[in-house]
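Below is one structure, written out as structure tokens; comments come after it.
Any read-out appearing in this document is the output of simple, stated calculations on the displayed coordinates, not a laboratory observation. It should be emphasised that the depicted structure is a prediction, and the values quoted were computed from it without experimental measurement. Cβ: placed from backbone, ideal geometry, glycine included. Neighbour counts: every protein chain shown.
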Amino acid sequence: MKRNFYCADLRESHIGTEVSVCGWAHSRRDHGGVIFVDLRDRSGILQIVFQPENTSVFAIAEKLRSEFVLSVKGKIRQRPEGTINPNMPTGQVELLVAELEILNTSPALPFEISDYVETSEELRLKYRYLDMRRPIFQKNFITRHKISQTIREFFNKEGFLEIETPFLGKSTPEGARDFLVPSRIHNGSFYALPQSPQIFKQILMIAGFDKYYQIARCFRDEDLRADRQPEFTQVDVEMSFIEENDIMDATERMLAKVFKEVLDIEIKTPFARLPHSEAMLKYGSDKPDTRFEMFISDFSDELKNCKFTVFANVIAKGNPVRGLCIPKGASLSRSEIDELTRFVGEYGAKGLAWMKITANGAESNIVKYFSETEIKTIVSKLNAKDGDLVVFLADDVKIVAQGLGALRIKMGKQLGLIDKNKFNLLWVVDFPMFEWNNDERKWDALHHPFTSPKDGETLSKDNAAKAVAKAYDVILNGAELGGGSIRIHNSDVQKKVFDILNISDEAAKEKFGFLLDALSFGAPPHGGIALGFDRLCALLIGEESIREVIAFPKTQKAADPLSNAPADVSEKQLKELGLRIVLKQANK
RNA sequence: GGGGAUGUGGUGUAGCCUGGUUUAACACACUGCCCUGUCAAGGCAGAGAUCGCGGGUUCAAAUCCCGUCGUCCCCGCCA
């Protein structure tokens, strides 16, 4: 009799049925005269019972240990009264074992396979196959599968084609650092692993495929974070003959379907749209967490004549002074406020000004520099109340926005203002085309150099600061879930953009020549989006780190403790590739 | 490249600040025995760690100092 059921699929309706199940001995409770084993497979847990009447089987059962692999046959029966376990789906029934085969044994484990015991991540990754046996982990990956299949189902139904793009491509110096693959046939030349299928999907539009998607692996050789891995998966989409709204609409319906099918949650569409400038001002971020308010306010106008010279000088230079009200923050101690100052320092802020709000005004060592009207303006604009703490940053606009934005999130978490059950989706739109790079005294593309401006006609170096892109980011609970744009399909506009970016004709040809050639041969208007699939999974499952939804992730130093990658290669391999190792000199 | 946290039996932690009453404690897991209704089973007994690694201070270091390595978080970076 072959296995004919998954453990956790057995219910009251199966009582009396002869079944065969396989799995791992999750836990064993030996009562001397009766032995219980929780048999676990990917579906969950079923209690199997050994009774001494079956002497030969019972003798084997006494030797069972954790994680032995078993095949058992027997009848499903109702559990005796008073022994029903309401905490498990199979808690009404149990399998009385008639036949038992030990398919494999296991030594004692390096850590317990349990949802209740935490283990260091290093050890979990080294024995990932054991870590992944944990029921919670199995569930995460079943959910990940469901999410990817729902996405495929959506796009297939909408007439999209799934087309694969190459892993071995050409290194493009723009953007993130590439992973390089040396070529054996072309000694001294390298392929690069794709940071995204961006250029290829645009070429697919030029080829006439009209609606494309791919759940694509991408690679970036940059430092890791909780939400960043050197290889990751993105949902990559591109469409022709469309405008921004078409991409946003398709994305919204796709996400709504995922939330419905996976979490049974109805997401309201269309999503809210927030201009980039407003996001940066009110939330101090281009990926605002809108689950709580605590808005940032700008006081550059109101305080330009204030007697506090730190503020006045900053404003005179054209930089902003902005404030944030921390509810009930007046109770923070001096050292707690110092800690906040240190925190904003991480973002480059040189200090943090503050006032404690009282029933009839404010107190702190800077209050004396402000007129009564100025204090009133601050209090009313931030809607501050007695017992709140108002903090200010006065600096370069980027530092002010980032510092207060990060502080807003930190305090929101700390004060419990974030409803963990909420899923807030929104679009950030109207991104600037360019960002001034002060170190190199030049304009950089905020998105990428193929992003279409809203107004290509009048685009020039002089008005680059004001140019708005046809770009959009979709944000979920303060995380950038994805972003996209309408691409430039007109070579005049493309030339203007390269001109502003100081990319010469030769340089453009060298870097993106094959795309530019392709665009010249009747490229349709097109645009698309890419969504971080690992992030989406982590957010839907409620995990903080994408490592929890990636089967075999890398550590923060980009190593894999399971396989020990990366590792040395043989002399022979190097020779074939024409490579010689020159280790970076340790300084000193 | 920078800042921070952390490293103690198989696992998770306590001890470290304030060095010596520590023979390094506790829980879980593990081994043996007992137990016929448990389900994160229970009872009894047992084995298991020179406290990441190297150096220093000291009569004495898990504990203080310096260095180093691993892991995690963050800044930079990620068009």
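Any of A:K126/A:K575; A:K304/A:K350; A:K410/A:K442; A:K268/A:K557; A:K398/A:K496 with alpha carbons more than 29 Å apart? Name them for me.
A:K126/A:K575; A:K410/A:K442; A:K268/A:K557
Note on A:D221/A:F423: beta-carbon distance plugged into 1/(1 + (r/R0)^6) with R0 of 30 Å gives a FRET efficiency of 0.40. When each of the peptides A:402-408, A:493-499, A:363-369, A:562-568 is scored by the mean number of other C-beta atoms lying within 10 Å of its residues, the order from highest to lowest reads A:402-408, A:493-499, A:363-369, A:562-568. Using 0.36 nm per residue and subtracting the Cα-Cα separation, the extra length available between A:N383 and A:H31 on full extension is 120.2 nm.
Projecting label points 7 angstrom from Cα along Cα→Cβ for A:D338 and A:F514 puts them 5.9 nm apart. How high is the FRET efficiency from A:E440 to A:V582, r the C-beta distance, R0 35 Å, rounded to 0.05? With R0 = 35 Å, the Cβ-Cβ based efficiency is 0.75. Its DSSP H runs of at least 4 residues, each contributing -39,500 (n - 2.57), put the calculated 222 nm mean residue ellipticity of chain A at -8000 deg cm²/dmol, to the nearest 500. Calculate how steeply helix A:491-500 sits against the longest principal axis of the alpha-carbon atoms of chain A, using the helix alpha-carbon long axis, and give the answer as 0 to 90 degrees to the nearest 10. The angle comes out near 70 degrees.
State which entries of A:K454/A:K495; A:K260/A:K422; A:K73/A:K139; A:K2/A:K73 exceed 18 angstrom in Cα-Cα distance in the structure shown. Please list the in-between numbers first.
Working: A:K454/A:K495 16 Å; A:K260/A:K422 14 Å; A:K73/A:K139 26 Å; A:K2/A:K73 9 Å.
Listed pairs above 18 Å: A:K73/A:K139.
In order along segment A:441-446, the Karplus-derived 3J(HN,Hα) couplings, from 6.51 cos²θ - 1.76 cosθ + 1.60 at θ = phi - 60°, round to 6, 8, 8, 10, 6, 6 Hz, and Gly and Pro are given as x. In this rough spin-label picture, where each label sits 7 Å from Cα along the Cβ direction, the A:K454-A:E243 distance is 1.3 nm.
As a quick test, which of the pairs A:K146/A:K420; A:K146/A:K282; A:K146/A:K170; A:K257/A:K420 have an alpha carbon distance above 25 angstrom in this structure? Working shown, then result.
Working: A:K146/A:K420 22 Å; A:K146/A:K282 36 Å; A:K146/A:K170 33 Å; A:K257/A:K420 21 Å.
Listed pairs above 25 Å: A:K146/A:K282; A:K146/A:K170.
Between the amide H of A:L274 and those of A:W427, A:V428, A:V429, distances stay under 5 Å, these residues lying 5 or more places away or on another chain, with hydrogens modeled in the peptide plane. Backbone phi angles across segment A:194-204, fed through the Karplus curve with coefficients 6.51, -1.76 and 1.60 (θ = phi - 60°), yield HN-Hα couplings of x, 6, 5, x, 2, 5, 5, 5, 5, 5, 4 Hz in residue order; Gly and Pro are listed as x. For A:V34, A:V117, the sequence from fewest to most other C-beta atoms within 10 Å is A:V117, A:V34. Measuring r between the beta carbons of A:V367 and A:V468 and using R0 = 30 Å, the FRET efficiency lands at 0.15.
If I take every Cα pair under 8 Å that is 6 or more residues apart in chain A, average their sequence separation and divide by the length, what percent do I get for the relative contact order? Intermediate results must be reported in sequence, preceding the final value.
Working: 1074 pairs, mean separation 77.5, N = 588.
Reported relative contact order: 13 percent.
Annotation for segment A:304-358 versus segment A:529-545: alpha-carbon center distance of 34 Å.
Figure the gain on full extension for A:E101 and A:F552 (residue separation times 0.36 nm, minus the Cα-Cα span) and round it to one decimal in nm. Full extension from A:E101 to A:F552 adds 159.2 nm. What does the C-alpha gyration tensor say about the overall shape of segment A:402-519? Classify as rounded when a/c is under 1.5, otherwise prolate if a/b is larger than b/c, or oblate. Prolate shape, in that a/c is at least 1.5 and a/b is the bigger ratio. Full extension of the chain between A:K317 and A:L168 gives 48.7 nm of extra length, using 0.36 nm per residue less the Cα-Cα distance.
Peptide packing: for A:510-523, A:413-426, the average count of neighbouring Cβ atoms within 10 Å per residue gives the ranking A:510-523, A:413-426, highest mean first.
Rounded, prolate or oblate: which fits segment A:120-232, taking a ≥ b ≥ c as square roots of the Cα gyration tensor eigenvalues, rounded meaning a/c under 1.5, else prolate when a/b beats b/c? In terms of gyration-tensor shape, oblate.
Counting only residues at least eight positions apart within a chain, or on another chain, the aspartates and glutamates with an alpha carbon under 19 Å from that of A:K381 are A:E278, A:E293, A:D298, A:D301, A:E302, A:E363, A:E372.
If packing is taken as the average number of other Cβ atoms within 10 Å across a peptide's residues, how do A:284-293, A:480-489 rank, most packed first?
Details: A:284-293: 19.4, A:480-489: 22.2.
Top to bottom by mean Cβ count within 10 Å: A:480-489, A:284-293.
Between A:Q78 and A:A176, the simple spin-label model (points 7 angstrom out along Cα→Cβ) gives 5.8 nm.
If a/c stays under 1.5 just call it rounded; otherwise compare a/b with b/c (prolate if a/b is bigger, oblate if not). Do that for segment A:421-470, with a ≥ b ≥ c from the square roots of the Cα gyration tensor eigenvalues. Cα axes put segment A:421-470 in the oblate bin.
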